[in-house]
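The values are calculated or read from the model by the stated rules, or taken from the named source; none is laboratory data. Here the structure is a predicted model, which is why all the values come from computation and not from measurement. Counting neighbours? That spans all protein chains shown, and the Cβs are built from the backbone with ideal geometry, glycine included. Ligands, DNA and RNA are excluded from the accessible area calculation, which covers all protein heavy atoms including side chains. Shrake-Rupley method; radii C 1.70, N 1.55, O 1.52, S 1.80 Å.
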Amino acid sequence: MCDKLEANLKAQKECVAKTEADLKASEEQCTSLTKLRNSLDSRCTGLKKNIDEQRCKFETSQKKLAETETELYDMTKALAEEKARTNKIQRKNNQLNAKINSLKSHISMSQNS
């Protein structure tokens, strides 16, 4: 009976040793996973910060683009207005040149008569 008890005790000790080894391996795995999680959290935080910075730059660029488009529209409008004024002046110049030429012709005919 004593042999049976000793064999049982030995089996229990082996079971305890195996359980302790399994527990140690699980703890090491848990530590490793915790380190990995912390590393991933750090990377995620960095990526989120980078995304926020890029979003801010994009929004700033969009705002500048809108301002530039407005400036371009205003300049194009001013250019068209200036072109219209120039055309009006050119037409007036042409009319005046025609009158001058008509008067010169009149004067020339009057002097020839």
For the chain, the charge dipole (Cβ of Lys, Arg +1; Cβ of Asp, Glu -1; about the Cα centre) points to a positive end, and the Cα of Thr86, Val16, Tyr73 closest to that extreme belongs to Thr86
So Leu96 and Gln12, fully extended at 0.36 nm per residue minus their Cα-Cα distance, gain in nm 18.0 nm
In whole percent, the fraction of accessible protein surface over the range 13-74 that belongs to carbon or sulfur atoms, probe radius 1.4 Å, stands at 58 percent
Phi-derived 3J(HN,Hα) across the range 62-73 with the Karplus relation (6.51, -1.76, 1.60, θ = phi - 60°), rounded Hz, x for Gly and Pro, is 4, 5, 5, 4, 4, 5, 5, 4, 5, 4, 4, 4
Computed ³J(HN,Hα) along the range 44-50: with the Karplus parameters 6.51/-1.76/1.60, θ = phi - 60°, integer Hz and x for glycine or proline, the list is 4, 4, x, 5, 4, 4, 4
One checks the Cα atoms of the range 1-67 and finds Rg and Dmax, in Å, of 28.4, 96
Magnitude of the Cβ-charge dipole (Lys and Arg +1, Asp and Glu -1) of the chain about the Cα centre, nearest 20 debye, reported as 1280 debye
Probe 1.4 Å, heavy atoms of protein chains only: per residue, the accessible area of the chain in Å² is 96 Å²
If the chain between Met109 and Asp74 were fully extended at 0.36 nm per residue, the gain over the current Cα-Cα distance would be 7.4 nm
The chain, Kirkwood Rh and Cα Rg, ratio Rg/Rh at 1.95
Quick calc of log₁₀ I(q)/I(0), the range 40-102, Debye, one scatterer on every Cα, no solvent, q values 0.12, 0.27 1/Å, result -0.59, -1.00
